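J.: Just dropping this structure here.
The values are calculated or read from the model by the stated rules, or taken from the named source; none is laboratory data. Note that this is a predicted model, so its numbers are computed, not measured. Cβ coordinates were reconstructed from backbone atoms using ideal geometry, including for glycine residues, and neighbour counts include every protein chain displayed. Only protein heavy atoms, including side chains, enter the accessible area calculation; ligands, DNA and RNA are left aside. Shrake-Rupley method; radii C 1.70, N 1.55, O 1.52, S 1.80 Å.
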Amino acid sequence: MIHSLFIINPSGDVFMEKHWKSVISRSVCDYFFDHQRKASSPEDIPPVIATPHHYLISVYRSSMFFVAVCTTEVAPLFVVEFLHRVVDTFEDYFSECTESIIKEHYVVVYELLDEMLDNGFPLATESNILKELIKPPNILRTIANTVTGKSNVSSTLPSGQLSNIPWRRTGVKYTNNEAYFDMIEEVDAIIDKSGSTVCAEIQGYIDCCIKLSGMPDLSLSFVNPRLFDDVSFHPCVRFKRWESERVLSFIPPDGNFRLMSYHIGSQSIVAIPVYVRHSLCLRESGSGGRLDITLGPKQTLGRTIENVVLEIPMPKSVLNCGLVTNQGKYTFDPVSKLLVWEVGRIDVTKLPNIRGTISLQSGSPPVEANPSINVS
Amino acid sequence: MYAPGVNSSTTLSSSSSYNNDRPPSAEAVEVATDPASGGFFNSDYKKHDDLKQMLDSNKDNLKLEAMKRIIGMVAKGREASDLFPAVVKNVVSKNIEVKKLVYVYLVRYAEEQQDLALLSISTFQRALKDPNQLIRASALRVLSSIRVTMIVPIVMLAIKDAAADMSPYVRKTAAHAIPKLYSLDQDQKEELIQVLEKLLYDKTTLVVGSAVMAFEEVCPERIDLIHKNFRKLCSLLVDVDEWGQVVIINMLTRYARSQFTDPNLQDVDEDEESKRPFYEDENEVDEEQQEKRAPTLDPDHRLLLRSAKPLLQSRNAAVVLSVAQLYHHTAPRSEVHQVAKAMIRLLRSHREVQDIVLTSIAATATRRKVMFEPFLKSFFVRSSDATHIKLLKLEILTSLATESSVGIILRELQTYVAAHDPPFVAAAIQAIGRCASNIKEVTDTCLNGLVSLLSNKDQAVVAESVVVIKKLLQTQPSAHREIIIQMAKLVDSVTVPQARASILWLLGEYSERVPKIAPDVLRKMAKTFTSEEDIVKLQVMTLAVKLCLTNPKQTKLLCQYVLQLAKYDQNYDLRDRARFLRHIIFPADAESGGPTRLSKQAKKIFLAPKPAPVPESHFKDREQFQLGSLSHYINTKANGYQELPPFPLEAPDPKARDVETEPQVMEQAPLFTAKKVSSKKDSKFYSDTESPEDESEEDENSSDEDDDDDEEEEDSSSDKDEEEDDNEDEESSGLEEKLPKKVVKSNAKPKSDEEEEEDESDEDDSSSESVSDSDSEDESSEPSSVPKKQTRNAKPAKESTPVVKPKSNLDLLLDLDDVSPAFTPIMTPSLGGFLTPMSTPSSQVKTQLFPDIQPASAVISPNTTSELLNKINSSGLEIKYRFTRSPHLYSPSMASAELTFHNHGPDELTDIRVGEKPTSGGVSIHDFAPIPSLSPGSSLMGTIGVDFADSTQPVNFEIKIGSDRTYPVALKVPVGEVIRAVTMSEELFLKQQGGLRGMNENTAKLSLTKPCSDLKSLTNKILTVANLGVIPNSDSSTLRFVLNTCVNLPVEY
């Protein structure tokens, strides 16, 4: 299973290491750095690297690499999934997971890592259990602990660990019982030059923030559950109920968690909220190009579209852009050649538009860039 | 002792309050002054002294601070081993956080400081006995993590103890400790396997996952240990934690491969199938085959697949993929496609997850096109994908391409060619080539497309196209002169060596198709020979030789020139090749004169038809590895990889998986078995606990339900009820369920007590076996005669309570009773006036089991009597009986019946005793004390204990009078007497009721013809019918009753 973990920052420093079995020298990371050098972007580093004696399985999150070292056969997805869970836990504890945060809370981080794995095998990964074992740091508690001499570490076994519902701690009490549900839907579409949809799919999530006392047993039903092509659940959801009645029945964990994610695939018709009218012509006369993009709403069911961001990865030959927008602002990063236009709200009466010239290096002929659009 | 100034400059960005005075820019300072950063050797020692001092202090917060800094060093990978002695002392610290950090340190450095580490062992040994399970567990965790060979025996002992610990958490830790010890000392294997076997038998979900993990690490070859646990593992699978699920499923995949036969055995070879033109056909075939095959699938195999399937909905990608590989490797072909959807869903996850899942899909897709075909569009590349993801998607797209879908795919590929990512573009062009050669229909279109790419402005695109076209032309020997000519022209412009080499090879191979161009190209190449890349030079030579053979007139000299150039090349490969070619083509160099044998054959050697390359997925050869495993991903056998065995031809004996039924029953219906056990046990020690009465009452009633009590729980035997209904009066016979009962009662109510008694007993004669009292059938004397004799114990309520005979619908309730365990023998005051059992001891026994359920005395003891022996039949002896609702002394499973002997005859009767007793069906009778003599007109009391063994069949036995007279009698029991009342709180009742819900629940509305005036009278009536306990109730419209256990008779009106 997982032998050691190295956390590496973007500049290639191993700033934290943890070993669950005997110590493995950090020089093993050199293999990783070799691949890092070869890869054009951090995303391109293969997740599994085989070295003569070890296997390095890494994930890239929050611009840090979490490199797990294994020595024997293990399901790679098992390790990847676990590393992501580690990062999720850090984010849960410290509200964000960056290099400086990890450095600042290294004791808690170390205690967490120690609790999450035993001999390389996951021991406790439920955030509710961990939080009972090791209290998340906050200023108030730090002060209180200094005064009273108490520690962040619990001396008793969390009640949830032994129960059938390990994700929930017992004895939860709130004066205001409340539950919040966030429905997040992402539409992913590939649209060809002529504007017709090649494929479109929806990925949805239901994120919850549950603050209810005791042992609430909730059920959530959908108006039309048949729409879901495929779903996945938090372990608290009862599979049987879903299979027979299409009702989500669950005893929720305390706090924030993702209850379910679903996928609506290519079989159903997906309404795409915006359209893009574009005219991008590079190397029109001499070493210049022209760009003219207009955004418009489409099938919005009366809702306004907000926080529109348009990104165009420009070809390498682009030197700079001189563009004018009638709404929002744009940035062009000459290093990554990424044009980002933060549009904001789309107003139906005055459609957002960006136009202008692009200065090009004389050289290789570029082709039409594929604009990828994030709408949220 | 502790100098704050020093500290503040050296803290390792600790979160503690100690560095509140730390300057915000500590990052830079920290690196420079870090204790272990070297360079400051003097101060280094000082710093560590400082830490040692802090550790030696008796203030917890100083120790904690020191430990935090040390852990900081450990975390950064700096050497901190010289602090070992100072740290290890603190293992006894009371402060839990200090302790934890010491543990962390200890585990890290114990291996290097073995002797000193031994100092801490005794602390752990003590902690292993701690009442706190967390402390026990963490002690074992640390102890087993200390990699010091000397402590192996200690750890072994600790593991053995912990494996039998009460707390599942400690047992889980024990399971984790097993592989640790194994890696430390392989000799312990046998002993560890024994412990492991025990842990595998554990039924706690917490333990099972870890136990299987340990199994995989220690003894994956001992598949025999799994047999007995197989079904349990399957049934627990859904509740095990996610990580355990992955390990268990992977292990069970291997198990299934070794224990079950191949479900696809009769199938056609899969490769063949994938070559079929339309996948719809395939499906049909599959279904047919499935139908044929279905019954042959081992039930356990089916169980495994069924219990794993819901996990496809897991949020954990690793679990989903492990289920997918289980299906891939073991499921019948027609079922494998079920996993596709879930795998597609994973593609929306993190990049790393995508990568691994796509690799698995790519490998699967080479064999099972059909599975992913509906999801073709999910593999379309997004501009935001990472390059390696894009390449994998391309790979899958090409694998999935069929005649019907190739159009869409080619359209996509065309767009990809315009992308900015060079490796991706190259892969896209190759993908087009693969599609073209795999699907004959589109070869020409693809070729045209590729040719048009030759005019692309991007060198890389052109080069890649050339290479692909070369391969395609090879597969299509038909004349493509135009293309070859066009490519020949490219020699001038293309600079990529790979492409140039390809063009040259093509020209050489098909030189007779372009007889004019080829020599010209060779001329050009000879000119630039020295500046070409090696790979191109080799091809120039090949071209020269081939032309020399086909067209020696024009090219012989050129060829010699080229070979001459190559002879002096820097690259030895080229020189060798040149020498080799020269000797074949121009053997005249040697003075032998005539052509050698080789040179005669030169044409055959160089211009032999070459087989076209078959573009194949490089994922094809991964089939040998278990899908989703590390070995599969890297396509090499990883350390410790367990081969997936081929399916056996003959399945090993499935009986190996059979578990003794006893524990299974325990699992499924623990309540029920508990009852059986308790009844048996109790019967042995009546003298101790006075609990023999336990079961007697409840057993009394039901003789015919005896056999079916477990099976019948669910279908509460309406047939039987109806039969019994028939015995009843007309009021109840036609109606169902509880309805009749109430009707009867409410009818009875307005009558006067005495009348009622008469009526009721009349009515119920047949069903409740009331026996006429005297020769005159004087019913009214019955209630009075009994109380007369038992006034002492009779409750006042009894007198005034209308006697309601048990109705048939009670049998329904009885069914409920049987479901429930008999754990509360109730001691009620015996009406017999003697042998009143002590209620305390037995209730204590019970309370241990169910502290919240207290036995209750029967609220009402009905004084209905029934006739056992008629005076007419038996020369004047009349025996009547009634149930006292008190447990019998002799055995808890016996109900006690009070017998009243009355001599109506003229003679004295002597020696009345029980004769032949039944022996079958578990029914047993404890005799009444023999009556030596009964004078005419007198009465005597006796008590008989009957164990009805849960049936309502009448018990037949004989009464003997004197030496010669024998009378067969039948003792019948109404259902209401088999059961026993208990009290419990309403809360508990509802809980128990909830627990029983769904087993068998009868609900019926009762309409009372004349509403009962108050609850009390209704309660009384019900109580007379059956021995129930009343639950204190908050809701006045509901009455709740408890029988022996928690079974209830909720009556609402």
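J.: Quickly run through the range B:316-355 and pick out the residues that are surrounded by fewer than 20 Cβ atoms within 10 Å (Cβ to Cβ) and either within 18 Å of B:V246 (Cα to Cα) or away from chain A (no Cβ under 12 Å) (or both).
T.: B:H329, B:E335, B:H337
J.: If I filter the range B:216-236 for residues that are part of a helix (DSSP H, G or I), more than 25 Å from B:R126 (Cβ to Cβ) and small (G, A, S), do I get at least one hit? Steps first, please.
T.: To start, the set of residues in the range B:216-236 that are part of a helix (DSSP H, G or I) comprises B:216-218, B:224-227, B:230-236.
Checking which are more than 25 Å from B:R126 (Cβ to Cβ) leaves us with B:216-218, B:224-227, B:230-236.
The next check asks that each one be small (G, A, S); those that pass are B:235.
Yes.
J.: Mind checking which pairs have a first residue in the range B:44-72 that is on the phi > 0 side of the Ramachandran plot and a second that is modelled with pLDDT of 80 or more and not hydrophobic (A, V, I, L, M, F, W, C), Cβ under 8 Å, 6 or more apart or different chains?
T.: Here the result reads none, with nothing in the range B:44-72 linked to a residue that is modelled with pLDDT of 80 or more and not hydrophobic (A, V, I, L, M, F, W, C).
J.: In the range B:209-234, what count of residues is obtained for those that are more than 13 Å from chain A (Cβ to nearest Cβ) and of a type outside the set (F, W, Y)? Before the answer, list the steps.
T.: Keep residues of the range B:209-234 that are more than 13 Å from chain A (Cβ to nearest Cβ), which gives B:219, B:221-234.
Then drop every residue that is not of a type outside the set (F, W, Y), which leaves B:219, B:221-229, B:231-234.
Summing the residues that are more than 13 Å from chain A (Cβ to nearest Cβ) and of a type outside the set (F, W, Y) in the range B:209-234 gives 14.
J.: If I ask for residues that are open to solvent by 30 Å² or more (accessible area, probe 1.4 Å), in contact with a Leu (Cβ under 9 Å, 6 or more places away or on another chain) and within 10 Å of chain B (Cβ to nearest Cβ), which ones from the range A:223-243 would you list?
T.: Of all residues in the range A:223-243, those open to solvent by 30 Å² or more (accessible area, probe 1.4 Å) come to A:223-224, A:226-229, A:235, A:238-241, A:243.
From the residues that got through so far, the ones that are in contact with a Leu (Cβ under 9 Å, 6 or more places away or on another chain) too are A:238-239, A:241.
Once the filter is applied, which keeps residues that are open to solvent by 30 Å² or more (accessible area, probe 1.4 Å), in contact with a Leu (Cβ under 9 Å, 6 or more places away or on another chain) and within 10 Å of chain B (Cβ to nearest Cβ), the range A:223-243 yields A:R238, A:F239.
J.: Same structure again: I need the helices (runs of 4 or more DSSP H) fully contained in the range B:80-168, keeping only those with at least 2 residues that are within 14 Å of chain A (Cβ to nearest Cβ).
T.: Values: elements: B:84-88, B:96-109, B:114-117, B:121-127, B:133-145, B:152-163.
In the range B:80-168, the matching helices (runs of 4 or more DSSP H) lie at B:96-109, B:114-117, B:133-145, B:152-163.
J.: Among the candidates B:V521, B:V466, which residue alone is in a helix (DSSP H, G or I) and either closer than 30 Å to B:S404 by Cα or in contact with a Lys or Arg (Cβ under 8 Å, 6 or more places away or on another chain) (or both)? Explain how you work it out, then say what you get.
T.: Values: B:V521 fails: either closer than 30 Å to B:S404 by Cα or in contact with a Lys or Arg (Cβ under 8 Å, 6 or more places away or on another chain) (or both).
Only one candidate qualifies: B:V466.
J.: Can you tell me how many residues within the range A:42-67 are touching a His at 6+ places or on another chain (Cβ under 9 Å), more than 23 Å from B:K637 (Cβ to Cβ) and not in a strand (DSSP E or B)?
T.: Matching residues across the range A:42-67 total 3.
J.: In the list A:F15, A:F32, A:F65, which residue meets the criterion of being more than 20 Å from A:L123 (Cβ to Cβ) and open to solvent by 10 Å² or more (accessible area, probe 1.4 Å)? Talk me through it step by step, then tell me what you get.
T.: Numbers: A:F32 fails: open to solvent by 10 Å² or more (accessible area, probe 1.4 Å); A:F65 fails: open to solvent by 10 Å² or more (accessible area, probe 1.4 Å).
Selected residue: A:F15, the only one of A:F15, A:F32, A:F65 that is more than 20 Å from A:L123 (Cβ to Cβ) and open to solvent by 10 Å² or more (accessible area, probe 1.4 Å).
J.: While we're on this one: Output yes when any residue across the range B:929-946 is at pLDDT below 75, under 57 Å from the mean Cα position of the chain (by Cα), open to solvent by 10 Å² or more (accessible area, probe 1.4 Å) and within 14 Å of B:V973 (Cα to Cα), and no when none is.
T.: No, the range B:929-946 has no match at all.
J.: Let me spell it out: the conditions are (1) touching a Leu at 6+ places or on another chain (Cβ under 6 Å); (2) more than 10 Å from chain A (Cβ to nearest Cβ); (3) closer than 21 Å to A:I102 by Cα, and B:I71 meets all of them except one. Which number is the exception?
T.: Of (1) touching a Leu at 6+ places or on another chain (Cβ under 6 Å); (2) more than 10 Å from chain A (Cβ to nearest Cβ); (3) closer than 21 Å to A:I102 by Cα, only one is false for B:I71: (2).
Listed here are the residues, each with its yes/no results for (1) of a type in the set (S, T, Y); (2) modelled with pLDDT of 65 or more; (3) farther than 14 Å from B:I944 by Cβ.
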{"site": "B:P851", "(1), (2), (3)": "no, no, yes"}
{"site": "B:P862", "(1), (2), (3)": "no, no, yes"}
{"site": "B:K871", "(1), (2), (3)": "no, yes, yes"}
{"site": "B:S874", "(1), (2), (3)": "yes, yes, yes"}
{"site": "B:E878", "(1), (2), (3)": "no, yes, yes"}
{"site": "B:R885", "(1), (2), (3)": "no, yes, yes"}
{"site": "B:L909", "(1), (2), (3)": "no, yes, yes"}
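J.: How many residues does the range B:243-263 hold that are without any contact (Cβ under 8 Å) to a residue 60 or more places away in the chain and within 16 Å of B:K309 (Cβ to Cβ)?
T.: Going through the range B:243-263 one residue at a time, the tally reaches 1.
J.: Would you confirm whether or not the range A:17-25 contains a residue that is among the small types (G, A, S), under 21 Å from B:M343 (Cα atoms) and facing another protein chain (nearest Cβ under 9 Å)? Before you say what the answer is, go through the steps one by one.
T.: Here is the first cut: in the range A:17-25, the ones among the small types (G, A, S) are A:22, A:25.
With under 21 Å from B:M343 (Cα atoms) added as a condition, the list becomes none.
So far as the range A:17-25 goes, no, none of its residues is among the small types (G, A, S), under 21 Å from B:M343 (Cα atoms) and facing another protein chain (nearest Cβ under 9 Å).
J.: Report, by residue number, each residue of the range B:401-426 that is more than 12 Å from chain A (Cβ to nearest Cβ) and surrounded by 23 or more Cβ atoms within 10 Å (Cβ to Cβ). Break it down stepwise before answering.
T.: Here is the first cut: in the range B:401-426, the ones more than 12 Å from chain A (Cβ to nearest Cβ) are B:401-407, B:410, B:413, B:426.
Within the range B:401-426, B:A401, B:L413 qualify.
Listed here are the residues, each with its yes/no results for (1) in contact with a Ser or Thr (Cβ under 9 Å, 6 or more places away or on another chain); (2) at pLDDT below 75.
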residue	(1), (2)
B:D286	yes, yes
B:T296	yes, yes
B:H301	yes, no
B:R306	no, no
B:K309	no, no
B:L312	yes, no
B:A317	yes, no
B:S322	yes, no
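Conditions tested, residue by residue: (1) in contact with a Ser or Thr (Cβ under 7 Å, 6 or more places away or on another chain); (2) on the phi < 0 side of the Ramachandran plot; (3) open to solvent by 10 Å² or more (accessible area, probe 1.4 Å); (4) of a type outside the set (D, E).
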position	(1), (2), (3), (4)
A:H19	yes, yes, yes, yes
A:S22	no, yes, yes, yes
A:C70	no, yes, no, yes
A:P76	no, yes, no, yes
A:E81	no, yes, yes, no
A:Y93	no, yes, yes, yes
A:C97	yes, yes, no, yes
A:V107	yes, yes, no, yes
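J.: Quick one: in the range B:356-382, which of the residues that are among the small types (G, A, S) and within 13 Å of another protein chain (Cβ to nearest Cβ) is nearest to B:A317 (Cα to Cα)? Lay out the reasoning, then the answer.
T.: Taking the range B:356-382 as the starting set, the residues that turn out to be among the small types (G, A, S) are B:360, B:362-363, B:365, B:378.
From what's left, within 13 Å of another protein chain (Cβ to nearest Cβ): B:360, B:378.
Values: B:S360: 13, B:S378: 17 Å.
Checking each candidate, the answer is B:S360.
J.: With respect to B:V494, is the statement that it is more than 59 Å from the chain's Cα centre (by Cα) and aliphatic (A, V, I, L, M) true? I'd like the intermediate steps shown before the answer.
T.: Values: more than 59 Å from the chain's Cα centre (by Cα): yes; aliphatic (A, V, I, L, M): yes.
Yes, satisfied.
J.: While we're on this one: What number of residues in the range A:36-64 are farther than 22 Å from B:L391 by Cα and away from chain B (no Cβ under 11 Å)?
T.: 3
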